[in-house]
Amino acid sequence: MLPPPPTPRPVSVSELAVAREIFKLRLQNPLFDIYGRNPFDTQPRVFSRRGRSSPTTSDSAYDSDTSSDDEVQVTLYSDSDDDDDDFTPDASPPRQIPPLPQLAPFDYTTIATLSTSERANTVLVRVENNALPSAEYILKIYHPYHGPATSHDGRTLDPFTNESSAYALFSLDPDLPVPRCYGHLQINNNPALLLEYIPSATPLGVTNITESLSQDVLGAFSAIHTAGVIQFDVAPRNVLVTKRGGVVVVDFDVAVSRGCPGFDKRGVKDEMASVWAMLYNNLVSGGMRNPCVGEMLTVRG
């Protein structure tokens with residue numbers, strides 16, 4: 001069960017004007033806390049647009065690294081000292097998880113490279129194959145992994161293993177807010193996944209965020225946790241908004257699945273705290289960067 005949507009405190013026209021000027025000078029948002037405390041959090045937290053938020057012991061209530069727009073970090077504080085049991089993983093007996101289909105090699109045409117990282121290349125392709133409908137797909141090709149098998153806390157580090165395990169769990173529920181995975185294959189001896197392409201979907205950001213959409217994003221992550229996966233890479237780029245206003249979460253190459261080290265109540269609650277911070281301490285409260293700021297902040301004269 002999710003907490004009710006937070007209500008922002010009123011912001012005067014003069015306070016909003018000052019906040020805009022501060023943002024121009026420092027790339028800091030003085031209104032990050034107008035939605036109150038993070039209901040999932042019990043300790044200070046740093047949110048980075050490039051990844052998952054993490055606890056911090058900084059004495060500053062707002063720290064910003066302005067060397068890169070993608071690296072802006074905010075130190076967030078919660079006044080909650082409790083560790084309630086409202087948000088726990090599904091404890092029901094696990095169902096039999098079917099393996100992902102193994103696809104035979106097929107011909108494809110690359111339309112565009114969508115992203116390149118140290119873990120994988122993600123490309124938009126056109127597939128012409130009798131075994132698959134002729135259409136556009138996402139092909140995620142993983143780089144060879146030669147690092148340690150597990151982290152110090154026992155988590156699996158191989159990106160393909162993490163993501164394929166997550167999508168195997170997702171296959172049990174076709175209504176989850178994630179792309180469909182059609183199967184795995186080898187591309188030039190590298191493992192790859194063939195995923196659903198969602199046309200016209202755009203990454204979450206200050207230009208499309210709303211309070212209503214924020215609750216949908218929280219609900220999407222909650223559904224993913226119930227399915228047995230912690231994404232572990234909370235960032236606006238990993239949440240897509242469809243042309244119909246739906247939410248799709250992507251990128252599970254550092255995810256942890258049920259039954260593996262790291263999938264526990266603390267991990268679920270930490271991730272929900274990270275999602276809430278991304279939404280209400282960064283994107284919605286950062287609406288002053290958006291021409292439609294009036295839709296995002298409660299302004300009184």
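Brief remarks on what is shown
- Residue 176 being within 19 Å of the chain's Cα centre (by Cα) and surrounded by 17 or more Cβ atoms within 10 Å (Cβ to Cβ): yes
- Residue match in region 34-51 (condition: modelled with pLDDT of 50 or more, closer than 25 Å to residue 210 by Cβ and open to solvent by 50 Å² or more (accessible area, probe 1.4 Å)): yes
- Boolean, residue 208 is out of contact with any strand residue (DSSP E or B) (no Cβ under 7 Å at 6 or more places or on another chain) and without any contact (Cβ under 8 Å) to a residue 60 or more places away in the chain: no
- Members of region 237-262 that are under 16 Å from residue 207 (Cα atoms) and within 11 Å of the chain's Cα centre (by Cα): 237, 238, 239, 240, 247
- Looking only at region 6-27, and only at residues there that are within 20 Å of residue 210 (Cα to Cα) and part of a loop (DSSP other than H, G, I, E, B), the one that is most open to solvent (accessible area, probe 1.4 Å): 7
- Residues in region 235-261 that are open to solvent by 30 Å² or more (accessible area, probe 1.4 Å), hydrophobic (A, V, I, L, M, F, W, C) and touching a strand residue (DSSP E or B) at 6+ places or on another chain (Cβ under 7 Å): 240, 260.
- Of all the criteria given as (1) outside any strand (DSSP E or B); (2) of a type in the set (Val, Ile, Thr); (3) open to solvent by less than 50 Å² (accessible area, probe 1.4 Å), the one not satisfied by residue 161 is (3).
- Counting only residues that are within 19 Å of the chain's Cα centre (by Cα) and open to solvent by less than 70 Å² (accessible area, probe 1.4 Å), region 115-147 holds 8 of them.
- Matching residues in region 115-166 - criterion: being touching a residue at least 40 places away in the same chain (Cβ under 8 Å) and among the aromatic types (Phe, Trp, Tyr): 137, 142, 160
- Unique match (being under 19 Å from residue 238 (Cβ atoms), among the β-branched types (Val, Ile, Thr) and open to solvent by 40 Å² or more (accessible area, probe 1.4 Å)) among 202, 150: 202
The values are calculated or read from the model by the stated rules, or taken from the named source; none is laboratory data. From a predicted model like this one, the values you see are computed outputs, not experimental measurements. We place every Cβ from the backbone using ideal geometry, glycine too, and count neighbours over all the protein chains shown. Ligands, DNA and RNA are stripped out before the accessible areas are found, and what is left, the full protein with its side chains, is counted by its heavy atoms. Shrake-Rupley method; radii C 1.70, N 1.55, O 1.52, S 1.80 Å.
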